[in-house]
Amino acid sequence: MNKITTRTISFKRPDGGDVTGFLAQGEAGGPAVVVIQEWWGLNEQIRGVAIKLAQAGYTALVPDLYRGKSTVEAEEAHHLMSGLDFADAASQDIRGAIQYLKQSHAKVGVTGFCMGGALTLLTLTMAPEADAGCVWYGYPPLEFVDASKIKAPMIAHWAEQDQPFPIATVDTLEHTLRSAGVAYTGYRYLAHHGFANETAQGPGRIALTQYDAAWATIAWDRTLRFFGRVLG
């Protein structure tokens, strides 16, 4: 049985600032993955994602982008997300997390969900240290995606019934990625936004999200096979 340890750590941003994060790791010394939160913040669900990766043999680090704040209310989550500087989060907080893990791991991947999916995409354009990326149903405004700067292979999981992130825009994004020569594979699921978040429905959650255990299992299997192939 792979024993999992978790703790809160502090690491440096490229500009020298300090960030805290949740670290989960198993006994096997495999590669590492930075996990990027949804708009809810660094909550129990996203800690669970890090633990899931640790159980699969990875070291997983979730940077605390909201500096200790989290919520279960959609209105407050929107407020927190609106106050986040996405470029700073990608180029400083998340890149700093990658650089921290690179001190002890040869390869580091990045993955994120919803808002974290958008930040994963931005991070791949801003953190050359990233070795792989996996986007879950989220993208930033496409004018901010400089696909020519993405050198790491990436995959993405999209929901065909996603209203917050319409699939029509995914078509445009994928054309941009492929035109830039990005090593990219996109997967589409007959699902709604948040289909891999087991807490997507409940008090305070938005009606546009819906967990789907079957599609989540398939997407996770593809994610772990991708990271296993690219990160080793």
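Just so you know, all these numbers are worked out from the coordinates, no wet-lab data involved. In this text, all values refer to a predicted model and were calculated from it rather than measured experimentally. Cβ: placed from backbone, ideal geometry, glycine included. Neighbour counts: every protein chain shown.
So for the chain, averaging the separation of alpha carbon pairs under 8 Å that are six or more residues apart and normalising by length, what relative contact order in percent results?
16
For the chain, what is the mean residue ellipticity at 222 nm derived from helices alone (per DSSP H run of n ≥ 4: -39500 (n - 2.57); sum divided by total residues; nearest 500 deg cm²/dmol)?
-10000 deg cm²/dmol
Relative to the compact globular guide of 2.2 N^0.38 Å, what is the alpha carbon radius of gyration of the stretch 1-152, as a ratio?
Taking N as the residue count of the stretch 1-152, the ratio is 0.96.
Give the cross-link partners of K69 among the lysines, using a straight C-alpha distance below 21 Å as the criterion and excluding same-chain residues fewer than 8 apart.
K12
Where both residues lie in the stretch 35-158, what percent of DSSP beta bridges are antiparallel, nearest 5?
About 10 percent, rounded to the nearest 5.
Using per-residue counts of other Cβ atoms within 10 Å, averaged over each peptide, order 176-183, 20-27 from highest down.
Answer by packing, highest mean first, reads 20-27, 176-183.
Excluding Y184 itself, calculate the net charge of residues whose Cβ lies under 15 Å from the Cβ of Y184, where each Lys or Arg counts +1 and each Asp or Glu counts -1.
That works out to +2.
Out of the trypsin sites (Lys or Arg not before Pro) in the stretch 76-145, which ones are loop residues according to DSSP with at most 16 other C-beta atoms within 10 Å?
Those that pass, being in a loop and sparsely packed, number zero.
So, in Å, what gap is there between the alpha-carbon centers of the stretch 4-72 and the stretch 102-127?
Cα centres, the stretch 4-72 to the stretch 102-127: 12 Å.
Just to be sure I understand the rule: take each whole DSSP H helix in the chain, project its Cα atoms onto its long axis, keep it if the span is 20 Å or more and its mean Kyte-Doolittle hydropathy is at least -1.0. Which ones pass?
Length and hydropathy pass: 213-231.
Can you give me the P(r) profile for the stretch 1-58? Cα pairs, bins 5 angstrom wide beginning at 0, each as a whole percent.
The distribution over the stretch 1-58 is 4, 18, 26, 24, 17, 9, 2, 0, given as percents.
Kirkwood Rh over Cα pairs of the stretch 133-193 into Stokes-Einstein at 37 °C, 0.692 mPa s: D in µm²/s?
Answer from the Stokes-Einstein relation: 280 µm²/s.
Considering only DSSP beta bridges whose two residues both sit in the stretch 5-231, what percent are antiparallel, to the nearest 5?
35
With springs only between Cα atoms under 10 Å, which of P128, P141, P153 fluctuates most in a Gaussian network model of the chain?
P141
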